[in-house]
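K.L.:
Input: one structure, supplied below.
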Amino acid sequence: MNTLIIDLLRHGEARGGQRFRGWREDPLTDEGWNQMYKALPARRPWSRIISSPLKRCADFARKLSQTSHIPVHLEDDLKEIHFGEWEGHTPTELLHADPERVQAFWEDPLNNTPPRGESLGVFRARVLGVWQRLLEEEEGRFLLVTHGGVIRVIIADVLGMPAENLFRLDVSHACLSRIVIQDGLPRLAFHCRGA
């Protein structure tokens, strides 16, 4: 029986507090670094680290690669969804400025794209393209260092959840989840262990 294990790690707390970050290059806070290290097991069992190229993921992935002697690959398609005009704004700011549009996005992200943002359909397609390539591996252990939205898309795909229910999945900072694929059949082994 061939087994492929893929661990999904969300970045820790980023500078600037809670906001729609999308493709912004906000670095991790000291607490964010600590959260990520605490989320990982003492033994580093992965043969490869695959990371979003955005600083809040890539900086940690590179450091982990150096200290653990595990090769790292930056994958552009593992970036967070692009929030367009909402990038950099806090939820409170946006709820004050445009409450109907923000509420519509939370309730039905598939049909309500942020202004000048990336549609959920395009975002899902690029993330699931990476995911399908990973599933072609027959066996191994990989760590994906990425974002809440990316993790939601992958887990929803594994569980057969409809895309409009993505925000029903909580993905906290430094959340560690595991997908185990045996003979081509994926299952969620655990979700959100960590800080």
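K.L.:
Quick one: which of Arg126, Arg178, Arg141, Arg133 is under 24 Å from Phe60 (Cα atoms), among the basic types (Lys, Arg), within 17 Å of the chain's Cα centre (by Cα) and not in a helix (DSSP H, G or I)?
P.N.:
Exactly one of Arg126, Arg178, Arg141, Arg133 is under 24 Å from Phe60 (Cα atoms), among the basic types (Lys, Arg), within 17 Å of the chain's Cα centre (by Cα) and not in a helix (DSSP H, G or I), namely Arg178.
K.L.:
Here's something else I'd like to know. Kindly provide the set of residues from the stretch 24-58 that are out of contact with any strand residue (DSSP E or B) (no Cβ under 6 Å at 6 or more places or on another chain) and either closer than 22 Å to Leu134 by Cβ or without any contact (Cβ under 8 Å) to a residue 24 or more places away in the chain (or both), ordered by number.
P.N.:
Thr29, Asp30, Glu31, Met36, Tyr37, Leu40, Pro41, Ala42, Arg43, Arg44, Leu54
K.L.:
Sticking with this structure for a sec: Here are some conditions: (1) over 24 Å from Asn34 (Cα atoms); (2) in contact with a strand residue (DSSP E or B) (Cβ under 7 Å, 6 or more places away or on another chain); (3) surrounded by 17 or more Cβ atoms within 10 Å (Cβ to Cβ); (4) small (Gly, Ala, Ser). Gly148 meets all but one. Which one does it not meet?
P.N.:
(1)
K.L.:
Looking only at the stretch 102-119, count every residue that is over 16 Å from Leu166 (Cα atoms) and crowded, with 17+ Cβ neighbours inside 10 Å and tell me the total.
P.N.:
Here the count works out to 1.
K.L.:
In addition: Taking the stated definitions as given, is Leu94 over 28 Å from Glu138 (Cα atoms), out of contact with any strand residue (DSSP E or B) (no Cβ under 7 Å at 6 or more places or on another chain) and of a type in the set (A, V, I, L, M)?
P.N.:
Judged against the criteria, Leu94 is a match.
K.L.:
If you check Leu9 against the conditions, is it closer than 24 Å to Ala189 by Cβ and surrounded by 22 or more Cβ atoms within 10 Å (Cβ to Cβ)?
P.N.:
yes
K.L.:
Working only within the stretch 72-104, note down all residues that are in contact with a Gly (Cβ under 8 Å, 6 or more places away or on another chain), of a type outside the set (Gly, Ala, Ser) and assigned to a helix (DSSP H, G or I).
P.N.:
Within the stretch 72-104, Asp77, Glu85, Trp86 qualify.
Values quoted throughout were computed directly from the atomic coordinates according to the rules given, and no laboratory measurement underlies them. Owing to the predicted nature of the structure, the values given are computational and were not obtained by experimental measurement. Every residue, glycine as well, gets a Cβ built from its backbone with ideal geometry; the counts of neighbours run over all protein chains shown.
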